[in-house]
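Since the structure comes first, as structure tokens, the remarks are kept for the end.
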Amino acid sequence: MSSSSFFEAIEQQYALNLPFVVYSRPINSVIKCWLQQDDELYKTEAFTESGFVFAPFNLEEKSILFPKEFCSYSEINRDALDIEIIESTQNIPNENDKLQHIELVSKGIENIKTKDLKKVVLSRCVTKSLQNSNPITIFKRLFNAYKNAMVYCWFHPKVGLWIGATPELLFKVEGKRLTTISLAGTQAFKENETVNWTTKEVEEQQIVTDYITKEITPFTKMINVSDVDTVRAGNLLHLKTRIISVIKDEAKLKSIIDALHPTPAVCGFPKVDAKDFILQHENYNREFYTGFLGELNLKQNTTRNTNRRNVENNAYAVVKTQSNFYVNLRCMQLKASSAHIYVGGGITKDSNPEKEWEETVNKAETMLKVI
């Protein structure tokens, strides 16, 4: 399929007001598309189905499913998409928004110092008017700008339109192999400058790593934790640890989701206390921001030997069930001619409210530069 016909099909689906998702995972330059054949709102609680899932921050609300059996699927291979480059205009933050966010962060710090809360992730919504409200155009710009992210455009007429470029894997399952990533700490990327992480940022990332390792222990074995690396995501830097384990035979996917989502990287720690604080004090509904999205229970054929000359071994194919979920960060919701951009940061006892505000300003640039 050509690139033009691939995107024409998506444009037609959108014009017909029918659900679709177009996305590219960071591991390659394949762009995939699911077009749902009706406008039915399918939901999942058990995560036993097969398809593409879009889950909210608060799992007490049901997750949206594009069922495999009711969707057509296509993909293209592209290193870059033909789309105009737009000059990023300087974003001047709203002073009232700044005061409100600093007040919110200050409340979080006070709660951490006086109660059992150790970390809480607090966010805000930035609303901007759109120069071009075509979601496929915005998706193409994001794809060209953020190759090492899960870049997506998701639409359902009964839910809304979401676009994002998230660097964070919640987890992926390949057969019995579970891979998850601890990602926390944020700095602006500066060319030719040595990165120095503060104690606060290192501790924040370690909280996430320890939490994930503890939570997956009842469901997995042979847990391996990598060293901490600095990784770049667009104009930002993060601390990253990879955690790989083997899922026990009796473990269910839903149990692993409940254990890991939401992680301290998007909610806080302890999870219940942090989530309660967020729902009480943020004063807006995150909906799918800091939820997760991705491929659910898809069958994948793999061979035991990648050496093409060894034809005999290649005949022994293994069918593995695969799922991969990405945390819905660096995202925005499009409504009419406005973009609602969601940004936040992890708050600990050592947080500085002014610096936390500046971090959200830096994070907003990811979306602002493509609209």
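So here's what we get for this one:
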item: Highest-MSF residue in the chain out of Ser123, Ser72, Ser245 [GNM, Cα springs under 10 Å]; result: Ser72
item: GNM top mover of Val246, Val266, Val202 - the chain, alpha-carbon springs below 10 Å; result: Val202
item: Pairwise FRET efficiency - Leu279 versus Ser106, Cβ, R0 = 25 Å, nearest 0.05; result: 0.85
item: Mean Cα-pair separation over length for region 158-304, i.e. relative contact order, pairs under 8 Å, 6 or more apart, %; result: 24
item: Region 1-146, dipole about Cα centre (Lys/Arg Cβ +1, Asp/Glu Cβ -1), debye to the nearest 20; result: 700
item: The chain, Rg to Rh (Cα coordinates; Rh as Kirkwood inverse mean 1/r); result: 0.96
item: Relative contact order of region 105-224, pairs being alpha-carbon contacts under 8 Å that are 6 or more residues apart, as %; result: 13
item: Centre separation in Å (Cα based) which lies between region 267-302 and region 136-155; result: 21
item: Extension gain (nm, one decimal) between Asp258 and Asp227, 0.36 nm per residue minus Cα-Cα; result: 8.6 nm
item: Whole-Å semi-axes of the ellipsoid equivalent to region 239-304 (Cα gyration tensor, √5λ, descending); result: 30, 15, 13
item: Shape category assigned to region 192-294 from the gyration tensor of Cα positions, a/c cut at 1.5; result: oblate
item: Long pairs among Lys113/Lys271; Lys68/Lys299; Lys32/Lys147; Lys248/Lys275; Lys158/Lys335, criterion Cα-Cα beyond 21 Å; result: Lys248/Lys275
item: In range of the label at Ser72: residues from region 1-28 whose backbone nitrogen is under 11 Å from the point 7 Å along Cα→Cβ; result: 6, 9-10, 12-13
item: Within a Gaussian network of the chain (alpha carbon springs, distance under 10 Å), most fluctuating of Phe269, Phe219, Phe325; result: Phe219
item: Convex hull volume of region 1-115 per residue (C-alpha atoms, cubic angstrom); result: 218
item: Förster-model FRET efficiency, 41 Å R0, Gln12 and Val246, C-beta, rounded to 0.05; result: 0.40
item: Listed residues Leu65, Leu16 arranged by accessible area, highest first, probe 1.4 Å; result: Leu16, Leu65
item: Candidate lysines for bridging to Lys363, where Cα separation is under 16 Å - those fewer than 8 sequence places away on the same chain excluded; result: Lys98, Lys128, Lys190, Lys355
item: Mean separation of Cα contacts under 8 Å (6+ apart) over length of the chain, as relative contact order %; result: 25
item: Alpha-carbon centroid distance for the pair region 30-74 / region 337-364, whole angstrom; result: 30
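The values are calculated or read from the model by the stated rules, or taken from the named source; none is laboratory data. Computed from a predicted model, the values in this text were never measured in an experiment. Methodologically, a virtual Cβ is constructed for each residue, glycine included, from the backbone with ideal geometry; neighbour enumeration extends over all protein chains shown. Ligands, DNA and RNA are stripped out before the accessible areas are found, and what is left, the full protein with its side chains, is counted by its heavy atoms. Shrake-Rupley method; radii C 1.70, N 1.55, O 1.52, S 1.80 Å.
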